[in-house]
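Down below is the structure, laid out as structure tokens.
Bear in mind these aren't lab numbers, they're just calculated from the coordinates by the rules spelled out. Worth saying up front: this structure is predicted, and the values here are computed from it rather than measured. Quick reminder, even Gly has a Cβ in these numbers, built from the backbone with ideal geometry, and neighbours come from all protein chains shown.
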Amino acid sequence: MSGLRSDAQQPFGGVSRRGFLGGSLAALAGGLATPALGEASDAQAWRERVRPAGALDAAYWARVRREFNMVDDISYMNNGTMGPLPTPVVEAQTRYLRELAADPRARRDTELVREKLANFVGADADEVLFTRSTTEGMKVFCRGLDLNPGDDVLMSSHEHPGGYGPWRAREDRDGVVVRTVDIPAPPESAAQVIDICERAIRPETKVLVVSYPIFVTGLLMPIAGLAEMAHRHDVLLSVDGAHALGMLDLDLHAMGCDHFATAGQKWLLAGSGTGMAYFSRNVQDRIWGDMWRRTPAEGARKYESSGQRHMPSLWGMGDAIDFHSAIGKTNIQSRVRSLATRLKDGLAEISGAGVGTSGSAEMSGGLTTFYVDGVPKANMTKALMDRERIYMPGSGLNDFSCRASTHFYNTEDEVDRVLSVVRHVAENRATYSDA
């Protein structure tokens, strides 16, 4: 399998069957330092509903799924582009918007959200900045790093345009050299990936850029091993972690990377225009901010000077983190991997079907790329929708692959229905081939 390029994915545009439930307004003259009326009790109610109190069985996950307001007749499996918001997060963001509409002076504790986010990803608050996308987080690092003409930037051949685009711009503008290294889909082992990258490093190499996971194959690059290897060569490790936040139990300090950018609208289920980036305190003196001649000593906050933000969305990230934390990060990671394993195991039993994602738990999460020999991805995605009302995008891996996202709100039945369609297509390839 080869030819790794961006996939053209469409966001989920279904209209909810229920209206938003608004919270009460409480616009205080000095800002909103206390919860709005009813807010604390509402939050306690949904926490009690999703907090595990026994076996994490089908009944429990069905209860969690009821906290979403998804269209009834669609099985949504494109969480890797845009995740649905849990109803408590929708209600919180709506409440924040109403508060600001009633009193533009209304404020909430943004630093509390930063602290929640830092704890959630295994970092310190001074190493975390709010962004509006993974791409923004990748650009801040790329734009701020001092490099000279001829300095070398190495990246995998599977990177997203939001990850490689900023470096290509610096290549044109500043004369840095950008090289790519091919990573098999799937690779044999983490050791193979590390060895491939190490053999490609040159004396001029300053940065290694990889994804975690890779958006077209779902591969979890071995970040800790790559970080140890890169640092031995005095190379910085920058990670495009767009899909990691909310999918995996992150500990950025343990992973050892220098920079990590991720999104809030995907697996964290926080809505569009949200994200974060991590800048290890060990490299902050090497990364310029772009607003001040002398950057204030405020840690990674110095990279946030970019004008107005949609504050209800930013504050709502804290509610999305609360939602995940109530379920449990490790519980979510296990659920995600269980559904993905069920899908991969089922695909392996279908003659003519193939999987581009590693079967190793160490090297895969909730993204699964698959294909049926000779069947274009557009025909597969149409069959999934026509036969079982399953929404899934094609993958950028090649002209035949599709990408399934299995998050904790998905079900075993939805996975089995995907397999039933793939089996039908494989058994009737002549009908679904363009030949």
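Details
- CD proxy at 222 nm, helix term only [per DSSP H run n ≥ 4: -39500 (n - 2.57); per residue of the chain; nearest 500]: -12000 deg cm²/dmol
- For the range 110-319, DSSP calls about 35 percent of its internal beta bridges antiparallel.
- With 5 Å bins from 0: P(r) over the range 295-435, alpha-carbon pairs, percent: 2, 9, 16, 17, 14, 10, 10, 8, 6, 5, 2, 1, 0
- Computed log₁₀ I(q)/I(0) - Debye formula, equal Cα scatterers, no solvent, the range 238-323, q 0.10, 0.11, 0.16, 0.26 Å⁻¹: -0.28, -0.34, -0.72, -1.29
- Reciprocal of mean inverse Cα separation for the range 261-375 (Kirkwood radius, Å): 17.7
- Equivalent ellipsoid of the range 164-285: semi-axes from √(5λ) of the C-alpha gyration tensor, largest first, are 22, 18, 15 Å.
- Hydrophobic, long helices, defined as DSSP H runs whose alpha-carbon span along the helix axis is 24 Å or greater and whose mean Kyte-Doolittle value is at least -1.0, occur in the chain at 311-327, 329-348.
- Where labels lie 7 Å past Cα in the beta-carbon direction, separation of ASP399 and GLU427 in nm: 2.8
- Among TYR303, TYR391, TYR60: highest mean-square fluctuation, GNM of the chain, C-alpha pairs under 10 Å: TYR60
- Which listed pairs, of LYS266/LYS302; LYS206/LYS344; LYS206/LYS302, have C-alpha distances above 30 Å, in listed order: LYS206/LYS344
- In the elastic network of the chain, a GNM with C-alpha springs shorter than 10 Å, the most mobile of ALA404, ALA45, ALA242 is ALA45.
- Computed over the chain, the P(r) tail beyond 38 angstrom holds 23 percent of alpha carbon pairs.
- Largest GNM mean-square fluctuation across PHE408, PHE68, PHE130, computed for the chain with C-alpha springs under 10 Å, falls on PHE68.
- Modelled label reach - ARG173, point 7 Å along Cα→Cβ, the range 122-139 residues with backbone N closer than 20 Å: 131-139
- Diffusion coefficient, µm² s⁻¹, Stokes-Einstein with Kirkwood Rh over alpha-carbon pairs of the range 293-349 at 10 °C and 1.306 mPa s: 104
- Computed extension gain for ARG286 through ALA59, at 0.36 nm per residue and net of the alpha carbon distance, reaches 76.7 nm.
- Spherically averaged projected area in nm², based on the convex hull that wraps the Cα atoms of the range 110-319: 10.9
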